[in-house]
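This report concerns only the one structure given below.
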Amino acid sequence: PPWWDLDSQGALTLVQTRPRLSRRTLVFGLPLVAVAGPALAAPPKRMIAYKTPWCGCCGGWIAHMRQAGWIVEVVEREDLAPIRARHGIPDRLASCHTAVVGAYAIEGHVPSSDVERLLGERPAARALSAPGMPAGSPGMEAAGREPYATVLILNDGSTRVFGRHN
């Protein structure tokens, strides 16, 4: 009978012969198969962050995202307005940098936990924003602390509070 096994790169493949099993590889009479490996690993968390060359707090936010396990490609542009316009982010909700993750834009100093929640819930929205540059948000810690909210920009252009942070 056909048999599933891991190849030399860790990918699950169909093999024609049953591998020779020792007693240690059997659990309840079935082979013990490794479930972790390159073929079964979660895809990496990737985003593109657009920032201006002269902004320092953007680097702090990018470092925050990288600490949370994100691979962040940084693209420097002198004018971010066209990127915000392409993703439907109105000026009143703008900040100093815009990231793109799949179908969503992330505007400003949004905490990684909100980005993870956004991707887990997958609401009918175009962007998530931390409008302005709130003190105490990721990358803005040196400015002190103030309560702030992240705002979800829905596909129809309306907004709602997504997260509250103290």
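Observations on the model:
- Extension gain from Glu116 to Asn155, taking 0.36 nm per residue of separation minus the Cα-Cα distance: 12.1 nm
- Among Gln67, Gly132, Gly102 the positive-end extreme of the charge dipole of the stretch 58-145 (Cβ point charges): Gly102
- Net charge contributed by nearby residues that have their C-beta within less than 9 Å of Lys51 (K/R +1, D/E -1): 0
- Excluding ligands, DNA and RNA, the accessible surface per residue across the stretch 97-154 is 35 Å² with a 1.4 Å probe.
- Here's how it looks for Tyr50: its modeled amide H is under 5 Å from those of Val75, Thr98, Ala99, Val100, which are all 5 or more places away or on a different chain.
- Label point of Gln67 set 7 angstrom out along Cα-Cβ; within the stretch 145-166, amide nitrogens under 19 Å from it belong to 145-148, 165-166.
- Backbone HN-Hα couplings from phi across the stretch 116-127 [Karplus 6.51/-1.76/1.60, Hz, Gly and Pro as x]: 4, 5, 4, 5, x, 7, 6, x, 6, 9, 9, 7
The values are calculated or read from the model by the stated rules, or taken from the named source; none is laboratory data. What you see is a predicted model; the values in this text were computed from it and never measured. Heads up, the Cβs are rebuilt from the backbone with ideal geometry, glycines too, and the neighbour counts pull from every protein chain shown. Remember, those area values only see protein heavy atoms, side chains included, never the ligands or the DNA or RNA. Shrake-Rupley method; radii C 1.70, N 1.55, O 1.52, S 1.80 Å.
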